[in-house]
Amino acid sequence: MAGQQKETGRSHWKSRFGFVLAAAGSAVGLGNIWKFPYITGENGGGLFVLIYLVCILLVGLPIMIAEIMIGRAAQKQPVGAFEELNGGKTIWSAAGWMGVLAGFIILSFYVVVAGWSMDYTLKSIVNFTQPIEKEAAAETDLFIATADMESMQNYLIDKRLADQARMGESLLEREISKRQMDAFARFQAAVSAAEDPEEARRRLLTDEELQQTVTHVEAIQQQMQELRKGIEEQVRADVTGISDETLFRQVRMEKRRELVLAKVGVTFGNLYTNGWQSLMWAFLFMALTVGVVAGGVSAGIERACQILMPTLFALICTMVLYGAFQSGFPAAVSFVFSPDPSRLKPSGVLEALGHAFFTLSLGMGAMMTYGSYQSAKTGLFQEALMITFLDTLIALLACLMIFPITFSYGQEPTAGPGLVFMSMPLAFAEIGTGGMLLSILFFGLLFFAALTSALSLLEVCASYLIDQKDWSRPQAALATGVITLLVAVPSAFDGDPDTLLGTWHADYGKGFFDTVDHLASNWMLPLGGLLIAVYAGWVMPRKLQEAEVKDIPSWMFQGWLFVIRIVAPALVVVVLLQKVGIFDVDELVRRL
Ligand code: TRP
């Protein structure tokens, strides 16, 4: 981070490596480990991941280059940068303003989730999974002691069949598109509502397209039914055929997992529905963030990043390895990597684009601000590439860490914002003693990853006050922190509607938390990114640009220029227009 050299001019990074680490620290955060897995889960996996990767490559990376370029050239935060480069206030300053506003909004829900990570770190230190594990084991023993052979067999059969049914459902979804399913449902409703169903059926099926759909769906349903019968017999035979010892062992494992899953869910629920507790942690986290930013973002953070980032990486790899030996691993890999159009939720494309901005810290001038603390005029493309690569790698690994556990425990991947807090403890409970250590490390590092990102969010707002309004660093940090914390109050009470938000969820269709996240990440960041792309591609004086890319081969610069002028803005515009309802990208993707 920047040192404090007010008298000698603007503060700068100690080294290029320091810049890359701090920028990667900003990029790698809750977005990678908390948000990416849960939105991947909600949006059906594979295809969503693919679209996200395309957005990273065609939109994220070029805009990352643009942001660092503008920041480096102007040596200013977003509001000041456009003024500096244009020699005065222009309409472009609005882009900077929107960035500052988006920063406030994002930070306001960011601190709540970061607060949860602190809560879970403390919980890990008191070994919260141990009593969960103990209770579950005791209840399992009780179940086995009191159940007879037959009910244990039935228990196992039901478990297996539930797993099969879940797989069957996804198979069904793969064979029948959402549109076909809807058409079929409408057809069925019409037939059953008619006075003479047979006649209605015949009449409706004169429509050729509908007839095809109905034949297709009914054939698949038939197949499924036969399959299901076969599977049921198979499972029944399997379970009755195993030895008593194996039966005991398997029932014990399944029952224990079921109980642990429920208890871990309750633990998170207790925190989520307790607004005051969430707020207290958010307050503590904010105090720390303000402290670091006020303290002049010292070499301490730079050094801390150097140790923490590799540790985080090693820990994630360890947990991926653990997952690789779990029964849910194949299902997880196929969930994350096999693109399946039928599972993509409408709005998935906008979500993927929004997240590309969020995870790379783009669209609001964070990378611009960080770039402005750099004096070197070389290495722009390599830096951007490295930051993007690290960020993407960690996001994908986070999915491979979480989903094997999720699937092994029969948890739904659509658990939403609580996913990481409800799936990782399952594994830690099972690992036992070593699990406590891993748990402390995991949530501790999640907390640090959040901190290094939150710093960059606060830094943008604070550096505006410092650069443009001549505030002192501590004053600026404190003021931004206090305001953000006020905005954070409703987010903290998101799960506690009785206290504050009443019918918000019913009125908006999503929680307050999701509402502001959606507004900032999916609208403001892409819009900000669009302005930055247009500015960098069309408006920024060529002379200034060329000064930043002296060491870059001309073809590479030209390639970037093409993408930033045409491809990236076009993609963002198309995706935003679709949300306004001009046309439907999701449908287009599904048909491809
Ligand atoms: N990129 C961070 C994450 O993935 C969050 C973040 C930090 C951010 N600074 C930002 C998001 C600026 C948007 C803009 O957790």
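The values are calculated or read from the model by the stated rules, or taken from the named source; none is laboratory data. The model shown is predicted, which means the values in this text are computed figures rather than measured ones. Here the Cβ positions follow ideal geometry from the backbone for every residue, glycine too, while neighbour counts run over all protein chains shown. The area values use the complete protein model at the heavy-atom level, side chains included, leaving out ligands, DNA and RNA. Shrake-Rupley method; radii C 1.70, N 1.55, O 1.52, S 1.80 Å.
Kindly flag which residue pairs out of Lys14/Lys89; Lys89/Lys377; Lys35/Lys229; Lys377/Lys469; Lys35/Lys543 have an alpha-carbon separation exceeding 30 Å in this structure.
Listed pairs above 30 Å: Lys14/Lys89; Lys35/Lys229; Lys35/Lys543.
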Ordering Phe184, Phe325, Phe448 by the accessible surface of their heavy atoms, 1.4 Å probe, largest first, yields Phe325, Phe448, Phe184
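Just order 395-403, 316-324 by mean Cβ neighbour count inside 10 Å, highest at the front, would you?
Values: 395-403: 24.3, 316-324: 17.2.
Descending mean neighbour count gives 395-403, 316-324.
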Going by alpha carbons, how many degrees (0 to 90, nearest 10) lie between the helix axis of 93-125 and the longest principal axis of the chain?
50 degrees
How far apart, in nm, are two points set 7 Å out from the Cα along the Cα-to-Cβ line at Asp182 and at Asp498?
3.8 nm
In whole Hz, what ³J(HN,Hα) sequence does region 394-399 give by Karplus (6.51, -1.76, 1.60; θ = phi - 60°), x for Gly and Pro?
5, 5, 5, 4, 4, 5
Whole-Hz Karplus ³J(HN,Hα) for region 442-450, in order, using 6.51 cos²θ - 1.76 cosθ + 1.60 and θ = phi - 60°, x for Gly and Pro?
4, 6, x, 6, 4, 4, 5, 4, 5
Over all directions, how big on average is the projection of the convex hull of the alpha-carbon atoms in region 336-445, in square nanometres?
9.6 nm²
For Asp514, Asp470, Asp158, Asp196, give me the order by solvent-accessible area with a 1.4 Å probe, most accessible first, ignoring ligands, DNA and RNA.
Asp470, Asp158, Asp196, Asp514
Hz values of 3J(HN,Hα) by residue in region 14-25 - Karplus curve (6.51, -1.76, 1.60), Gly and Pro given as x
6, 8, 4, 4, x, 5, 4, 5, 5, 5, 5, x
Place the peptides 438-444, 548-554 in order of packing, highest mean first, counting for every residue the other Cβ atoms within 10 Å and averaging per peptide.
438-444, 548-554
Between Met556 and Val54, the FRET efficiency computed from the C-beta separation at R0 = 25 Å comes out, to the nearest 0.05, as 0.80
Between Glu412 and Thr206, what length in nm is gained on full extension when 0.36 nm per residue of separation is reduced by their alpha carbon distance?
70.1 nm
Cut-off 15 Å between beta-carbons: net charge of the residues surrounding Val79, Lys and Arg +1, Asp and Glu -1:
-3
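Is the shape of region 386-433 best called rounded, prolate or oblate, per the rule: a/c under 1.5 gives rounded, else a/b larger than b/c gives prolate, else oblate, with a ≥ b ≥ c the square roots of the Cα gyration tensor eigenvalues?
Details: a/c = 2.56, a/b = 1.72, b/c = 1.49.
The shape class here is prolate.
What is the gain in length, in nm to one decimal, between Glu175 and Met280 on full extension, counting 0.36 nm per residue of separation less the C-alpha to C-alpha distance? Could you put the intermediate results ahead of the total?
Working: separation 105, 0.36 × 105 = 37.80 nm, distance 4.82 nm.
Stretched fully, the Glu175-Met280 segment lengthens by 33.0 nm.
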For His216, what accessible area in Å² do you get when you roll a 1.4 Å probe over the heavy atoms of the protein chains, rounding to the nearest 10?
60 Å²
With all protein chains present and a 1.4 Å probe, how do Arg201, Arg473 order by accessible area, largest first?
Arg201, Arg473
How many nm separate the modelled label positions at Ser338 and Val266, each set 7 Å beyond the Cα in the direction of the Cβ?
3.7 nm
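Find the relative contact order for the chain and round it to a whole percent, using C-alpha pairs within less than 8 Å whose residues are 6+ positions apart.
On the way: 838 pairs, mean separation 215.4, N = 592.
Reported relative contact order: 36 percent.
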What order, most packed first, do the peptides 533-541, 337-345, 362-370 have when packing is the mean number of other Cβ atoms within 10 Å of each residue?
362-370, 533-541, 337-345
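So how much slack lies between Thr273 and Arg236, counting 0.36 nm per residue of separation and subtracting their Cα-Cα distance, in nm? Please list the in-between numbers first.
Working: separation 37, 0.36 × 37 = 13.32 nm, distance 4.12 nm.
Stretched out fully, the Thr273 to Arg236 stretch lengthens by 9.2 nm.
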At what distance in nm do the modelled label points of Gln221 and Ala287 sit from each other, each positioned 7 Å from its Cα along Cα→Cβ?
6.0 nm
Label region 68-179 by shape, choosing from rounded, prolate and oblate, from the square roots a ≥ b ≥ c of the eigenvalues of the Cα gyration tensor; if a/c is under 1.5 it is rounded, and otherwise prolate applies when a/b is larger than b/c, oblate when it is not.
oblate
Mind checking Rg over Rh on region 151-257, alpha carbons, Kirkwood formula for Rh?
1.19
Rg/Rg_globular for the chain, with Rg_globular taken as 2.2 N^0.38 Å and Rg from C-alpha atoms
1.06
Report the relative contact order of region 151-257, percent, no decimals, based on alpha-carbon pairs under 8 angstrom and at least 6 residues apart.
47 percent
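Let me know the shape class of region 1-160, please: from the alpha-carbon gyration tensor, a ≥ b ≥ c as square roots of the eigenvalues, rounded when a/c is under 1.5, otherwise prolate if a/b is greater than b/c, or oblate.
Details: a/c = 3.65, a/b = 2.37, b/c = 1.54.
Since a/c reaches 1.5 and a/b is larger than b/c, the shape of region 1-160 is classed as prolate.
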Neighbourhood net charge (9 Å Cβ-Cβ; Lys/Arg +1, Asp/Glu -1) for Ala136
+1
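Work through the residues other than Leu205 whose Cβ is under 12 Å from its Cβ and net out their charges, Lys, Arg +1 and Asp, Glu -1.
Around Leu205, the charge tally is -3.
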